[in-house]
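Trainee: Take this structure first; my questions come after.
Please treat every number below as a calculation from the coordinates, not as lab data. This structure is a prediction, so every number in the text was calculated from the model and none was measured. Neighbour counts run over all protein chains shown; Cβ positions are idealised from the backbone, glycine included.
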Amino acid sequence: ASSHHDVHENLLQCFISQYSSIPISQVVYTQNNSSYLAILDSTIQNPRFSTPTTPKPQLIITPLTESHVQVAVSCSRKYGVQIRTRSGGHDYEGLSYVSDVPFILVDLVNFQSISVNVKDNSAWVQSGATLGQVYYRIAEKSKTLAFPAGLCPSVGVGGHLSGGGYGMLMTKYGLAADNVIDAQMVDANGIVLNRVSMGEDLFWAIRGGGGASFGIILSWKITLVPVPPIVTVFRLNKFLGEGAIKLLHRWQYVAPNLPKDLFLKAILDALPSQSGERIVRASFDALFLGSADKLAPLMEEGFPELGLKLKDCIQMSWVESTLYFYYFPLGTSLDVLLNRTRNKDFFKAKSDYVKEPISENGLEGLWNRLLDDIEVGQVIFSPYGGRMSEITESQIPFPHREGNLYMIHYRVAWEEKGIIASNMHISWIRKLYSYMAPYVSKFPRAAYINYRDLDLGTNHNNGLTSYSQAKVWGHKYFKRNFERLILVKITVDPTNFFRNEQSVPAFTSGG
Ligand code: FDA
């Protein structure tokens, strides 16, 4: 314990000496600091990783400048302490702020600036900004520009862009990571790099390969995409008696083949009904890049069974649609996009890719599992196709392109504290995942890295992971791009300084 203490003291001294020109109290927080816990908790999105026994960082660093980030790398490297980098804190397994080995947290909360350039349709966005802030700042300058990224406004740019990032514009414009054109990062040597100085291999890796394996990404230059001043949205809820399962079955044939301007996802939610029994609701949510009178005939032609009426369609600006799809009531002020926190419940989630339509029987089994007496089960079906099929599997590390009909996201959430509740819900979702095995992608059973799931496999926390161990989860997230990610890793971080339970290993042999 005393050597632990010495490392901690030395590390602190390292920061104090390097940060001599700034008020250290604004940047370095020890566990004794009265703000330490508040800062740590500020963006934890899953309270499963915020308990008294959750391992905590030795220090929290909230850098104000890039040189503070460089010092964080050099000091922690010098004293053999790991770094966890946090932008928005939405990591499903808490990897951005929890580790079993001694670590410091570099929290990019002070890296939130966004500068939008409507002259060349681009923006520089710092990693600690949220998606909501990005949408808000774009809308401030233009009603006809957008950015194709996720639905939850409090998600951080840093994790989201480095892991892919999808939302309602995915079939039109691809992922957030597909629309990154430059980046600024600090590597394992503490050097600041941009696209030219990092080279195309590292630039490839950080757009979907998970940033945490390669360094600390400070900011991103993104391409803004054109949208019409008015878009149309709808949400149609269907229950069992209304043929919801048949509609969902049909959706699998329709949604991936719709025109790129029309994105139609399906969501199953388990809810308590008025009589107290559980029911499942299927909702079909759509974004159309055009007016309602053009959408109605498209739906009539492509999916008449859904029965969309003109009166179900609502016209609004694109930025207003981002509020709509996150369930804010109509008329909510855009200011909510600037809010960095959200309601926090305990949750566990998983993902799957579907290549062949699932039979009605298969869907019925899924539906019935949602009726189990668990607190909140939710399954989201997001269609692929369109632009997603045009981008090759190796364009960026995110490999799930042509041949995928849609992605499934399973989520279970609960409010009760403690390990018993947690185990019960996690075991429920694991059973659901086994049930789905015959219906989804195989060899590998693919998964989305931004829906991080440590059930898929992990590295040893001492960093001594074999290739054969890592490729189990690596191929699920990255398919054959995993080997190229390893080659990049060997080149830019051969000592495996930046590592976590699912970081890209720095070697290809062994094991
Ligand atoms: P966080 O800060 O937790 O980081 C996630 C990972 O990236 C960690 O490993 C972290 O170390 C690393 N990292 C973060 N910043 C870094 C940096 N600057 N440099 C290097 N590494 C860095 N996804 C999606 O595609 N579409 C969606 O609609 C949604 N919706 C959604 C809703 C909710 C409620 C949650 C909790 C999550 C989502 N997601 C999502 C998933 C989301 O994209 C994913 O969790 C992102 O990694 C979150 O990025 P944060 O910066 O918030 O996470």
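Trainee: So if we plug the beta-carbon distance of K246 and I191 into 1/(1 + (r/R0)^6) with R0 = 56 Å, what FRET efficiency do we get, rounded to 0.05?
Mentor: Working: r = 58 Å, r/R0 = 1.03.
After rounding, the FRET efficiency stands at 0.45.
Trainee: How would segment 336-427 be classified by its alpha-carbon gyration tensor: rounded, prolate or oblate, with rounded meaning a/c under 1.5 and the a/b versus b/c comparison settling the rest? Display every interim value, and only then the final one.
Mentor: Numbers: a/c = 2.50, a/b = 1.42, b/c = 1.76.
Cα axes put segment 336-427 in the oblate bin.
Trainee: What is the order of I408, I39, fewest Cβ neighbours within 10 Å to most? All intermediate terms of the calculation are to be shown ahead of the outcome.
Mentor: Details: I408 23, I39 16.
Arranged by neighbour count, lowest to highest, I408, I39 become I39, I408.
Trainee: Report, ordered by chain and residue number, the lysines lying within cross-link reach of K417, taken as a straight Cα distance under 20 Å and ignoring same-chain residues fewer than 8 apart.
Mentor: K56, K344, K348
Trainee: Let me know the shape class of segment 1-135, please: from the alpha-carbon gyration tensor, a ≥ b ≥ c as square roots of the eigenvalues, rounded when a/c is under 1.5, otherwise prolate if a/b is greater than b/c, or oblate. Working shown, then result.
Mentor: Values: a/c = 2.28, a/b = 1.42, b/c = 1.61.
In terms of gyration-tensor shape, oblate.
Trainee: Where does helix 360-370 land angle-wise versus the long Cα axis of the chain, in degrees 0 to 90, nearest 10?
Mentor: 60
Trainee: Now for a separate question. To the nearest 10 degrees, how steep is helix 419-436 against the longest Cα principal axis of the chain, on a 0 to 90 scale?
Mentor: Once rounded, the angle reads 50 degrees.
Trainee: As a footprinting exposure proxy, order K119, K471 by other Cβ within 10 Å, with the fewest listed first. Can you show the working numbers first?
Mentor: On the way: K119 6, K471 19.
The most exposed by this proxy come first: K119, K471.
Trainee: What net charge do the residues around F214 carry, taking every other residue with its C-beta under 13 Å from that of F214, with Lys and Arg at +1 and Asp and Glu at -1?
Mentor: Details: positive: R207, R484, K489, R499; negative: D187, D201, D493.
Every neighbour counted, the sum reads +1.
Trainee: Follow-up. May I ask you to derive the relative contact order of segment 1-98, considering only C-alpha pairs under 8 Å and at least 6 residues apart, and to give it as an integer percent? List each step's numbers first, then the result.
Mentor: Numbers: 78 pairs, mean separation 33.3, N = 98.
About 34 percent, as a whole number.
Trainee: Next question. Would you report the distance distribution of C-alpha pairs in the chain as whole percents per 20 angstrom bin, up to the bin with the largest distance?
Mentor: 23, 57, 19, 1
Trainee: Using 0.36 nm per residue, how much length does the chain from L487 to S273 gain when fully extended, once their Cα-Cα distance is taken away?
Mentor: Stretched out fully, the L487 to S273 stretch lengthens by 71.7 nm.
Trainee: Continuing with the same structure: Return a whole-number percent for the relative contact order of segment 66-199, with Cα pairs under 8 Å and 6 or more residues apart as the contact set.
Mentor: Working: 218 pairs, mean separation 29.1, N = 134.
For segment 66-199, the relative contact order is 22 percent.
Trainee: Also: Where the centre of each part is set by its Cα atoms, how far does segment 9-45 sit from segment 252-331, in angstrom?
Mentor: 46
Trainee: Further question on the same structure: What does the charge add up to near N189, with Lys and Arg as +1, Asp and Glu as -1, over the other residues with Cβ less than 11 Å from its Cβ?
Mentor: Surrounding charge for N189 is -1.
Trainee: For the chain, what does -39500 (n - 2.57) per DSSP helix run (n ≥ 4), summed and divided by total residues, give at 222 nm, in deg cm²/dmol to the nearest 500? Don't skip to the end; give the middle numbers.
Mentor: Values: 15 runs with 156 residues, N = 511.
About -9000 deg cm²/dmol.
Trainee: A follow-up question, please. For the chain, find the longest principal axis of its Cα atoms and tell me its angle to the long axis of helix 131-141, 0 to 90°, nearest 10.
Mentor: Its long axis makes an angle of about 80 degrees.
Trainee: Among the lysines, which have Cα under 28 Å from the Cα of K294 when same-chain residues fewer than 8 positions away are ignored?
Mentor: In chain and number order, the partners are K141, K143, K172, K238, K246, K260, K265, K309, K311.
Trainee: Sticking with this structure for a sec: Under a Cβ-Cβ cut-off of 10 Å, what is the net charge of the residues other than E393 that fall near it, where Lys and Arg count +1 and Asp and Glu count -1?
Mentor: Details: positive: R401, K479, R480; negative: E402.
Charge balance near E393 sits at +2.
Trainee: For I420 and D120, what is the calculated FRET efficiency with R₀ set at 51 Å and r taken between the beta-carbons, to the nearest 0.05?
Mentor: Details: r = 55 Å, r/R0 = 1.08.
So the FRET efficiency works out to roughly 0.40.
Trainee: Give me the extension gain from N368 to F443: residue separation times 0.36 nm, minus the current Cα-Cα distance, reported in nm with one decimal. Can you show the working numbers first?
Mentor: On the way: separation 75, 0.36 × 75 = 27.00 nm, distance 2.71 nm.
The N368-F443 span can extend by a further 24.3 nm.
Trainee: Lone cysteines in the chain, defined as no other cysteine's Cβ under 4.7 Å from theirs: which are they?
Mentor: So, C152, C313.
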